[in-house]
Amino acid sequence: MNDRELSCSAGGQFMDRGRMNQNGVVQPLLTDLYQITMAYAYWKSDKTDDTAVFDLFFRNNPFHGEFTIFAGLEECLKFLDSFHYSQSDIEYLKQTLPEGIEHEFFEYLGNLTARDVTLYAIDEGTVAFPRVPIIKIEGPLIIVQLLETTLLTLVNYASLMATNAARYRMVAGKHVKLLEFGLRRAQGPDGGLSASKYSYTGGFDGTSNVLAGKLFNIPVKGTHAHAYITSFSSIGELKTRLLKHKQTGIMEDLLEHAIRHRAMLSHLLDVSTEESSEGELAAMVSYAIAFPDGFMALVDTYDVKRSGLLNFSAVALALNDLGYHALGIRIDSGDLAYLSCLARESFEKVAERFKVPWFNKLTIVASNDINEDTILSLNEQGHKIDCFGIGTHLVTCQRQPALGCVYKLVEINGQPRIKLSQDVEKVTMPGNKNAYRLYSADGHALIDLLQKVSEPPPAVSQKVLCRHPFQESKRAYVIPSHVESLYKVYWKSGKICQQLPTLEQVREKVQISLKTLRNDHKRTLNPTPYKVAVSDNLYNFIHDLWLQNAPIGELS
Ligand SMILES: Nc1ncnc2c1ncn2[C@@H]1O[C@H](COP(=O)(O)OP(=O)(O)OP(=O)(O)O)[C@@H](O)[C@H]1O
Ligand SMILES: O=P(O)(O)OC[C@H]1O[C@H](OP(=O)(O)OP(=O)(O)O)[C@H](O)[C@@H]1O
Ligand SMILES: O=C(O)c1cccnc1
Ligand SMILES: [Mg+2]
């Protein structure tokens, strides 16, 4: 058994395999069969020495937006680093591929690595735009072809998720905490782990997913479920009511304190103790005994106003008597704007009446089917929520379940290749290209420009003609104040050639990169498209090649 098989059979998908942690599922057979059948046909037709350039890019931004966050690069590099068919992979392929495949092909596959591949990419966490390749990869045709599906699966969901999370962050504002609660609803365990990782990249503050916390060093956070509250039906079920005073160390009856406070609070909050749930009180007392310094309670099991807020405040005041400060509440149903305001109002009353100023600052967490639109609507209505727990719609990317990154051959043996389509948007941009981002004097990104690699880069303060790739009349002169060359060589001669940023650094990069975008590109409703252009030289090159390749029809 090789390392990879060991790591998979050990039950964990992500195991430490020497140099780098990589999801054990990511391996050369995690691909479409047609990559391997094509590899054989290339090999049979003596194309082993051909070299190719492929572009990995998307055609449309997700979520009706005008930007995308590029994520998943580190995983692509780890994949290249470990790319190798194991003996059992080869055995499997021998049984699976059609009969008659020559034995030497399997030997060839067994010796393949990504050593001769060069990968260029924009930095992970950067905003990216349609048609500008986020990865450009060159090397032996057979191997770069074999990489297609795996690279796409590593980039597509990662970038979609990071973009989705960044959008939630933008609508929530920077002061509200965002927690990812989606594991139970994600597209399987691997989707769940990726969702936790890339929602953190996109700007979330933490996840409830414990394995993601361990693997990626993401803060793990959480409250408790309704089951905890409903597991108690009376105070008689409390096995212990005692808690040590934080300062004196003396054991005191927390329930007794809570019941006393509840009676006083019922006047202040205008709720009858008769109406409130005794089981809920018991559950909260027991939870507070378990976590006196981290008491956060779910208040919507029975009725937020008539029961949850009263019981929570009573237990929080009881904890206060014993020297502890509660953290806050979670609301998981009902009108979240109204209930959060009601909760804040109640806390302010308690703060004043009981001289506990920290009660004003109790955290209000809201959850329940939240999406971007819900947050926008809550903002409009006014709310007092400090933290959103978001699951389903975040991790399943409700508004758009896939990013359409594609991987297209643009050059072979130095010769450009173009894929034509009736749909102009789908015509590929041929040739080996470089990408530049041109900035205005105020630091905003103005336009992304693609050029042939043979062209000199655009220069600061020099007028450059930027052309729409397909519409002849759309062109503009741009005088950049700053020019950023978007590609770095990330993989060459069998090695990762850049210092890879930590997840934390990629997360920061997302926010820095988003700041370079004008607000009108980022607004939720009808954002202005960001311009992507080609140089005059590349424009002419594309259109000449297009004419050469488009068959001339005959009418009779
Ligand atoms: N003030 C609000 N403005 C807009 N949307 C809201 C507001 N409050 C809650 N929502 C959203 O409305 C939906 C309410 O869900 P639903 O109709 O299932 O009600 P519920 O409160 O969960 O009911 P139940 O008590 O049966 O669990 C959720 O998606 C929630 O995020
Ligand atoms: O709503 P989401 O954005 O997916 O966030 C996660 C949800 O998961 C939990 O309960 P669950 O939905 O399992 O049960 P519930 O519907 O009874 O609350 C939690 O209470 C949230 O409602
Ligand atoms: O910790 C929580 O409150 C939580 C975690 C997962 C799903 N819903 C809620
Ligand atoms: Mg729910």
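Could we say that Ser9 is modelled with pLDDT under 95 and of a type in the set (S, T, N, Q) here? Yes: the conditions hold for Ser9.
Inspect region 267-278 for any residue being modelled with pLDDT of 95 or more, away from ligand 1 (no atom under 14 Å from the Cβ) and in contact with a strand residue (DSSP E or B) (Cβ under 9 Å, 6 or more places away or on another chain) and give the result as yes or no. Within region 267-278, not a single residue is modelled with pLDDT of 95 or more, away from ligand 1 (no atom under 14 Å from the Cβ) and in contact with a strand residue (DSSP E or B) (Cβ under 9 Å, 6 or more places away or on another chain). When Gly323 is tested against (1) in contact with a helix residue (DSSP H, G or I) (Cβ under 7 Å, 6 or more places away or on another chain); (2) outside any helix (DSSP H, G or I); (3) more than 10 Å from ligand 1 (Cβ to nearest atom), only condition (1) is not met. Reported count of residues in region 370-391, each being within 14 Å of Val171 (Cβ to Cβ) and either of a type in the set (Val, Ile, Thr) or within 16 Å of ligand 4 (Cβ to nearest atom) (or both), is 7.
Looking only at region 197-231, residues that are open to solvent by 30 Å² or more (accessible area, probe 1.4 Å) and more than 12 Å from ligand 3 (Cβ to nearest atom) come to 9 in all. Residues of region 497-555 that are within 34 Å of the chain's Cα centre (by Cα) and of a type in the set (Asp, Glu): Glu504, Glu508, Asp520. The single condition among (1) over 18 Å from Thr524 (Cβ atoms); (2) assigned to a helix (DSSP H, G or I) that Arg169 does not meet is (1).
Would you call Leu211 in a helix (DSSP H, G or I), in contact with a Phe, Trp or Tyr (Cβ under 9 Å, 6 or more places away or on another chain) and either closer than 29 Å to Val299 by Cα or within 16 Å of ligand 4 (Cβ to nearest atom) (or both)? Criteria met by Leu211. Filtered by the rule that a residue be within 21 Å of Leu309 (Cα to Cα) and within 15 Å of ligand 3 (Cβ to nearest atom), region 348-378 gives Thr363, Ile364, Val365, Ala366, Ser367, Asn368.
Condition check ((1) within 30 Å of Leu242 (Cβ to Cβ); (2) away from ligand 2 (no atom under 16 Å from the Cβ); (3) surrounded by fewer than 24 Cβ atoms within 10 Å (Cβ to Cβ)) across all residues:
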residue: Gly308; (1), (2), (3): yes, no, no
residue: Tyr324; (1), (2), (3): yes, yes, yes
residue: Phe354; (1), (2), (3): yes, yes, yes
residue: Ala366; (1), (2), (3): no, no, no
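Report the residue count in region 106-115 for those that are more than 10 Å from Ile90 (Cβ to Cβ) and outside any loop (DSSP other than H, G, I, E, B).
Counting residues in region 106-115 that are more than 10 Å from Ile90 (Cβ to Cβ) and outside any loop (DSSP other than H, G, I, E, B) gives 1.
Scanning region 18-34 for residues that are modelled with pLDDT under 90, among the hydrophobic types (A, V, I, L, M, F, W, C) and not in a helix (DSSP H, G or I) turns up at least one hit.
Residue under question is Phe359, and the condition is that it be outside any loop (DSSP other than H, G, I, E, B), crowded, with 19+ Cβ neighbours inside 10 Å and within 16 Å of ligand 4 (Cβ to nearest atom); does it hold? In short, no. Only one of the listed residues (Arg344, Arg330, Arg399) is within 16 Å of ligand 4 (Cβ to nearest atom) and either of a type in the set (D, E, K, R) or touching a helix residue (DSSP H, G or I) at 6+ places or on another chain (Cβ under 6 Å) (or both). That residue is Arg330.
The lone criterion from (1) more than 16 Å from ligand 2 (Cβ to nearest atom); (2) in a loop (DSSP other than H, G, I, E, B); (3) open to solvent by 40 Å² or more (accessible area, probe 1.4 Å) left unmet by Tyr338 is number (2). Where helices (runs of 4 or more DSSP H) fall wholly inside region 493-556, the ranges with 3 or more residues that are open to solvent by less than 70 Å² (accessible area, probe 1.4 Å), closer than 16 Å to Ala445 by Cβ and modelled with pLDDT of 95 or more are 503-515, 519-522. Within region 330-342, residues that are touching a residue at least 12 places away in the same chain (Cβ under 8 Å) and under 18 Å from His226 (Cβ atoms) sit with their Cβ atoms under 9 Å from residues that are assigned to a helix (DSSP H, G or I) and within 12 Å of ligand 3 (Cβ to nearest atom), at 6+ positions apart or across chains, in these pairs: Asp332/His226. Within region 307-326, at least one residue is free of Cβ contacts under 8 Å to residues at least 40 places away in the same chain and of a type in the set (Ser, Thr, Tyr). Taking first residues from region 226-244 that are more than 9 Å from Ala282 (Cβ to Cβ) and partners that are open to solvent by 70 Å² or more (accessible area, probe 1.4 Å) and among the charged types (D, E, K, R), the Cβ contacts under 8 Å between residues at least 6 apart in sequence or on separate chains come to Arg241/Glu256.
The values are calculated or read from the model by the stated rules, or taken from the named source; none is laboratory data. Being a predicted model, the structure only gives us computed values, none of them experimental. FYI the Cβ positions are ideal-geometry reconstructions off the backbone, even for glycines, and counts take in every protein chain you see. Each accessible area value is taken on the protein alone, full model and side chains, heavy atoms only, with ligands, DNA and RNA left out. Shrake-Rupley method; radii C 1.70, N 1.55, O 1.52, S 1.80 Å.
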